[in-house]
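Visitor: Handing you this structure, nothing more for now.
The numbers here are math on the coordinates, done by the rules we state, and not lab data. Every value quoted in this text rests on a predicted model; they were computed, and no experiment measured them. Here the Cβ positions follow ideal geometry from the backbone for every residue, glycine too, while neighbour counts run over all protein chains shown.
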Amino acid sequence: MPATTVIDSHVHLWDPTRFRMAWLDGNALLGRPYTVDDYVEHTHGVPVEGFVYLEVDLAPHYTLLEARWAAELAARPTSRLRGVVAHAPLEYGEQARVYLDELVRLGPAIKGVRRLIQGEPDPRFAAQPRLVRGVQLLADYGLSFDACVYHHQLPALIELVGQCPQVQVIVDHLAKPAIRDRLLDPWREQMRQLAGFPNTVCKISGAATEARPDWTTDDLRPYIEHVLDVFGEDRVLFGGDWPVVLMASTYSRWVATLDELTAGLSETARRKLWADNARRVYRLDDHPR
């Protein structure tokens with residue numbers, strides 16, 4: 001396990017009996033509540049100091065309620081939740097302002113927005129002008145943008161990022177490369193292009209769920225090593241992607257795998273990956289308890 005404290009930059013909590021989550025219908029493993037207590041249990045033995053909550057793709061009617069619930073949880077003195085990345089309908093462009101106004105009123109725990117792109121059938125959805133404008137608005141609110149895409153959506157994401165230089169963009173899950181098919185290209189060059197924008201960082205997360213069920217450390221190695229190479233030690237963040245990671249791995253196995261793959265990094269680089277970069281990127285020390 002990492003010989004340093006951990007800030008997990010990508011954690012989900014949910015209760016599908018309370019908020020509608022259609023994507024969990026029929027999923028026997030994930031289709032139940034996952035709470036902070038469950039997270040503490042699953043991360044036993046890992047030195048997790050805190051985590052960032054990511055929106056969970058609720059039915060649209062519930063998303064502002066979700067953000068309020070997560071912000072209230074973050075305000076509890078004993079909570080490990082340090083920041084919230086909420087949903088916002090950025091595809092409405094300027095009309096998203098009224099939603100963002102309400103979002104930031106929830107308090108300083110709101111750190112960023114994720115408008116989930118991975119499920120959009122149009123591979124160029126991320127480059128639509130109204131969505132681009134919605135992402136640009138985040139700079140006015142001091143919010144970051146989490147981009148969750150599949151590898152085939154990268155060309156459009158590159159266009160979006162190029163038009164949003166004032167917004168901190170966090171690429172989730174290595175941009176979901178085709179690890180199970182052992183395909184590296186054109187993903188490698190596209191990630192290099194993304195890394196060329198100084199306002200981008202990348203989460204090393206979600207890799208196991210993109211691999212084959214019998215995945216090994218070596219299956220993940222070329223993808224993780226490439227991201228470490230092109231983004232560098234200051235622009236990579238550890239993410240557990242719990243509880244989604246349970247579809248492919250225990251939390252501790254994923255942490256141990258990444259720990260092994262990054263054993264050659266300097267002590268400073270490892271501290272940045274496991275905690276320091278998440279603190280900086282999500283501005284987690286802006287409102288210390």
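Visitor: Expressed as a rounded percentage, what relative contact order does the chain have, with Cα pairs under 8 Å and six or more residues apart?
Guide: 20 percent
Visitor: If I take every Cα pair under 8 Å that is 6 or more residues apart in segment 49-159, average their sequence separation and divide by the length, what percent do I get for the relative contact order?
Guide: 26 percent
Visitor: Return P(r) of segment 153-289 (all Cα-Cα pairs; 5 Å bins starting at 0; whole %; ordered from short to long distances).
Guide: 2, 10, 20, 23, 21, 15, 7, 2, 1, 0
Visitor: Could you pull the Rg and Dmax for segment 6-281, using just the Cα atoms, both in Å?
Guide: In Å, with Rg to one decimal and Dmax whole: 17.4, 47.
Visitor: What net charge is computed for the residues neighbouring residue 217, neighbours being all others with C-beta under 11 Å from the C-beta of residue 217, Lys and Arg scored +1, Asp and Glu -1?
Guide: Summing Lys and Arg as +1 and Asp and Glu as -1 gives -2.
Visitor: Ok, one more. Find which of 142, 257, 156 sits farthest along the positive direction of the dipole of segment 6-281, computed with +1 on the beta-carbon of Lys and Arg, -1 on that of Asp and Glu, about the Cα centre.
Guide: Final value for the positive-end residue is 142.
Visitor: Here's something else I'd like to know. So which residue, out of 277, 199, 27, gets the largest mean-square fluctuation from a GNM of the chain using Cα contacts under 10 Å as springs?
Guide: Checking each option, the largest mean-square fluctuation is seen for 27.
Visitor: Turning to a different aspect of this structure: Name the residue from 248, 223, 201 whose Cα lies farthest towards the positive end of the charge dipole of segment 6-281, charges +1 on Cβ of Lys and Arg and -1 on Cβ of Asp and Glu.
Guide: Among 248, 223, 201, the one farthest towards the positive end of the dipole of segment 6-281 is 201.
Visitor: From the alpha carbon gyration tensor of segment 129-203, can you work out the equivalent ellipsoid semi-axes (sqrt of 5 times each eigenvalue) and give them in Å, largest to smallest?
Guide: 23, 11, 11
Visitor: On to the next question. Using +1 on the beta carbon of Lys and Arg, -1 on that of Asp and Glu, and nothing else charged, what's the dipole of segment 142-289 about the Cα centre, debye to 20?
Guide: Here segment 142-289 has a charge dipole of around 260 debye.
Visitor: When the Karplus curve 6.51 cos²θ - 1.76 cosθ + 1.60 is applied with θ = phi - 60°, which whole-Hz ³J(HN,Hα) does each residue of segment 20-37 get, with x for Gly and Pro?
Guide: With the stated coefficients, segment 20-37 comes to 5, 10, 4, 5, 8, 4, x, 8, 5, 7, 9, x, 8, x, 10, 10, 4, 4 Hz.
Visitor: Here's a follow-up. Between 121, 74, 48, whose Cα lies farthest towards the positive end of the dipole of segment 6-281 when Lys and Arg beta carbons carry +1 and Asp and Glu beta carbons carry -1, centred on the Cα centre?
Guide: 74
Visitor: Can you check what the Kirkwood hydrodynamic radius comes to for segment 232-289, Cα pairs only, in Å to one decimal?
Guide: Answer for segment 232-289: a Kirkwood hydrodynamic radius of 12.5 Å.
Visitor: Another question, if that's okay. Return the percentage of antiparallel bridges among DSSP beta bridges fully within the chain, rounded to the nearest 5 %.
Guide: 5 percent
Visitor: Would you compute, from DSSP H runs of 4+ residues alone, the mean residue ellipticity of the chain at 222 nm, taking -39500 (n - 2.57) per run and dividing by the full residue count, rounded to the nearest 500?
Guide: Calculated from helices alone, the mean residue ellipticity at 222 nm is -9500 deg cm²/dmol.
Visitor: What's the magnitude of the charge dipole for the chain around its Cα centre, counting Lys and Arg as +1 and Asp and Glu as -1 at the beta-carbon? Answer in Debye, nearest 20.
Guide: 440 debye
Visitor: Just rank 53, 62, fewest to most, by other beta-carbon atoms within 10 angstrom.
Guide: Final ranking by Cβ density, sparse to dense: 62, 53.
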